[in-house]
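The values are calculated or read from the model by the stated rules, or taken from the named source; none is laboratory data. On a predicted model such as this, the values are computed, not experimentally measured, just so you know. Here the Cβ is made from the backbone with ideal geometry for all residues, glycine too, and neighbour counts use every protein chain on show.
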Amino acid sequence: MAEVVLTGITKRFGRDTALSDVSLTVPDGAFVVLLGPTGAGKTTTLRLIAGLETPDAGDITIGGESVLGLTPAQRDVAMVFQQYSLYPHMTVRDNLAFPLRSPILRTPEHEITGKINEVAEVLHIAHKLNNKATALSGGEMQRVSIGRALVRAPQLFLMDEPLSSLDAKLRADLRIELKRIHSALGATLLYVTHDQIEAMTMASHVGVLDHGRLAQFGPPREIYENPVSLTVAGRLGLPRINALPADLFPGAPAGAATIGLRPEHIAQGEGQTAQITRVEHLGDQTRLHLSLHGHDIITLTDPHTDLRGGQSIAIAPRKPLYFDASGVRLA
Amino acid sequence: MTEPSAESPADKLARATPPRVARRIRGLSDRAIAWIFVAPSIFLLLAVNIFPLIWTINLSFTNFRANRNREVEYIGLRNYERILTDSDIWLTMQATAHFLFWTIFFQVLIGFTLAWLINRKFRGNDLWTTIIVLPMMLSPAVVGNFWTFLYQPQIGLFNYVVSFFTGVDPSSFSMIGQVNLAPWSIVIVDTWMWTPFIMLICLAGLRSIPDYIYEAAEVDRASKWRQFWTITIPMALPFLMLAVLFRGIENFKMFDLVVQLTGGGPGSVTELTSINLKREAFEKWRTGYASAYAVILFVTVFGLASIYVKALNKVKER
């Protein structure tokens, strides 16, 4: 119904190429998370789909039909902007009602009120409905902005880092809430974030963008376990994957320049001896900062470990990922 | 014993300052220092604004004439009574109201439209802004003077342009000389001169609306028309109202432009209150009477402005 297909999309701003030849199929009802560093083209992708920008080349279809000639209003998408984008002169209630009061929809007023109350309840802003939009905290503003997207039932939701300004608890709550809303509505959702926990917990598919190119697209576990490049491997995983010279450990295939070791993929008690430089007790896990021939390595160990800085420990790679000199995955 | 080598710069300074002065400065409270700083401005304000105001109120109850050396008598409210029952004064009030209403009406209409057009991003809009703003930078006396030429029935450009579009003979009418046209002649010149001012303030208002608000509205399926009425107008309204307040106060005391242009004539159809007041005070030398007149005008402007500012604040709070 609302499958979104991008074919060969290129977008330039002056001399900068924001997106170059991006092709991507978002299945109907999928929760797709776009990951990537700042400037990778994540927001541009959303804006192109919303119709706020026009691509220089390529085609975008929603539900099988090209939307290139359509205005944002005609595309029937809802978007949550990174900078809230609330209407500052209106109350929270009027902000939420704004998309419903569109003359195209002709929603009766009692229905609008019902919808608003429902959404306000879910987002915990029911007590703020009569406040002015500017008299809210950043977190509340962002929830109103999410609410403004939710009151409509569009075929496609676009969300640009909607949770980035919220505190940890609210973020965790809303993550679950968004996931629940997504499965309840069955709508397609495209979501931009920096946060890998959001990507891993919510996404049915993850797209990794790098310098305007789609580096990899697939289920989050596949991206995590089977990254096609060092850049993609570095996008997911906390602590980050250890990227070390391939000859640091024996057994590297021909042509390998870098060995990628996820912190949990380092066996302890065998192999080469490394120095422990620091031990971080995080409660549910303990991170070991190691030094091996001058290279820093981070690994995880038992939360109740007695290891201390200055001691030595033997380590060996397990499930290593090898990359060539240009960062492309070998094996 | 103090060692000279251990002395800090601050100590040296303290030693160099004569002890009495130092103690006196140190003895001043923050409040006293604050008063010392604001005292000059307060003194100026009292001398130039507050004292003349009180003195005018005082004179308004007398029959004082500044050009005659005679005993001044207090005559109570008689000056006020005479002014408020004088039909000529009501006529000047009407002329002023006409002038105020129509200048503000046209200036808001044209000024906002121009601001809205300039605000659309196109090449050379800065140049256009500069050109549009030019009239505002001229001296009112100069403007008044050259518009008398433009309005000249035989050689005036204005009459020629009107004739070009309507076919009316250019020398058949005189903007300044005719009783029915003169009130409009000053409205036109003031609008020509001060529309840019409204435009500039409206432009500031329009530029203060971030693009992403319109983008959100676009995605929320609001038409351009709806965006204009639900976003542009409400968000620019405080600016627009402020511009109207400035123009309103300015035009209530309009003097130079009109004196230069029509001198209050023909008859007294363009005799605005400020011109009328000046005549009473410094041509007829009815000082007491003119003082009462000034007090009435002051109360009117002050009262209207206060009500307006309250409304403005309400709009801002919305």
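So the values come out like this:
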read-out: Any hit, region A:184-194, residues being farther than 19 Å from A:Ala30 by Cβ and assigned to a loop (DSSP other than H, G, I, E, B); value: yes
read-out: Set B:Ile104, B:Ile118: member being under 17 Å from B:Met241 (Cβ atoms), among the aliphatic types (A, V, I, L, M) and touching a residue at least 24 places away in the same chain (Cβ under 8 Å); value: B:Ile104
read-out: Members of region B:25-73 that are among the polar types (S, T, N, Q), more than 24 Å from B:Gly288 (Cα to Cα) and not in a helix (DSSP H, G or I); value: B:Ser29
read-out: Top-ranked residue in region A:110-121 [being surrounded by fewer than 17 Cβ atoms within 10 Å (Cβ to Cβ) and of a type outside the set (Ser, Thr, Tyr); ranked as farthest from the chain's Cα centre (by Cα)]; value: A:His110
read-out: Matching residues in region A:49-69 - criterion: being within 13 Å of chain B (Cβ to nearest Cβ) and in contact with a Pro (Cβ under 9 Å, 6 or more places away or on another chain); value: A:Ala50, A:Gly51, A:Leu52
read-out: Condition check for A:Ala50: in the same structural domain as A:His205 (by TED's automatic domain parsing), over 23 Å from A:Pro220 (Cα atoms) and surrounded by fewer than 16 Cβ atoms within 10 Å (Cβ to Cβ); value: no
read-out: Whichever residue in region A:123-156 is farther than 22 Å from B:Ile231 by Cβ and surrounded by 18 or more Cβ atoms within 10 Å (Cβ to Cβ) and, among such residues, is nearest to the chain's Cα centre (by Cα); value: A:Leu156
read-out: Hits in region A:236-268 - residues which are in a helix (DSSP H, G or I) and closer than 23 Å to A:Asp284 by Cβ; value: A:Pro263, A:Glu264, A:His265
read-out: Conditions (1) assigned to a loop (DSSP other than H, G, I, E, B); (2) within 29 Å of B:Met175 (Cβ to Cβ): number failed by B:Ala222; value: (2)
read-out: Test: B:Ser291 is in contact (Cβ under 8 Å) with a residue 24 or more places away in the chain, of a type in the set (Ser, Thr, Tyr) and either within 14 Å of chain A (Cβ to nearest Cβ) or on the phi < 0 side of the Ramachandran plot (or both); value: yes
read-out: Odd one out for A:Thr107, checked against (1) β-branched (Val, Ile, Thr); (2) surrounded by fewer than 20 Cβ atoms within 10 Å (Cβ to Cβ); (3) in contact (Cβ under 8 Å) with a residue 24 or more places away in the chain; (4) farther than 20 Å from A:His211 by Cα; value: (3)
read-out: Where a residue in region A:310-331 is in a strand (DSSP E or B) and its partner, wherever it lies, is charged (D, E, K, R) and surrounded by fewer than 20 Cβ atoms within 10 Å (Cβ to Cβ), with Cβ under 7 Å and at least six apart; value: A:Ala314/A:Glu270; A:Ala316/A:Glu270; A:Leu321/A:Arg329; A:Phe323/A:Arg329
read-out: Hits in region B:267-289 - residues which are in a helix (DSSP H, G or I) and among the aromatic types (Phe, Trp, Tyr); value: B:Phe282, B:Tyr289
read-out: The one condition in (1) in contact (Cβ under 8 Å) with a residue 40 or more places away in the chain; (2) within 14 Å of another protein chain (Cβ to nearest Cβ); (3) over 25 Å from A:Val26 (Cβ atoms) that A:Ala149 fails to fulfil; value: (3)
read-out: Scan of region A:76-96 for residues that are under 27 Å from A:Val4 (Cα atoms) and either surrounded by 21 or more Cβ atoms within 10 Å (Cβ to Cβ) or among the β-branched types (Val, Ile, Thr) (or both), ordered by number; value: A:Val77, A:Ala78, A:Met79, A:Val80, A:Phe81, A:Tyr84, A:Ser85, A:Leu86, A:Leu96
read-out: Out of A:Pro72, A:Pro99, A:Pro108, sole residue that is under 30 Å from B:Glu317 (Cα atoms) and within 8 Å of chain B (Cβ to nearest Cβ); value: A:Pro99
read-out: Pair list, Cβ under 7 Å, 6 or more apart: region B:239-260 residue part of a loop (DSSP other than H, G, I, E, B), other residue among the aromatic types (Phe, Trp, Tyr); value: B:Met254/B:Phe99
read-out: Residues of region B:147-164 that turn out to be exposed (fewer than 15 other Cβ atoms within 10 Å of the Cβ) and either in contact with an Asp or Glu (Cβ under 7 Å, 6 or more places away or on another chain) or small (Gly, Ala, Ser) (or both), as a count; value: 0
read-out: Selection count, region B:149-189, where residues are aliphatic (A, V, I, L, M) and part of a helix (DSSP H, G or I); value: 9
read-out: Residue within region B:223-244 that is within 30 Å of B:Thr148 (Cβ to Cβ) and surrounded by 21 or more Cβ atoms within 10 Å (Cβ to Cβ) present; value: yes
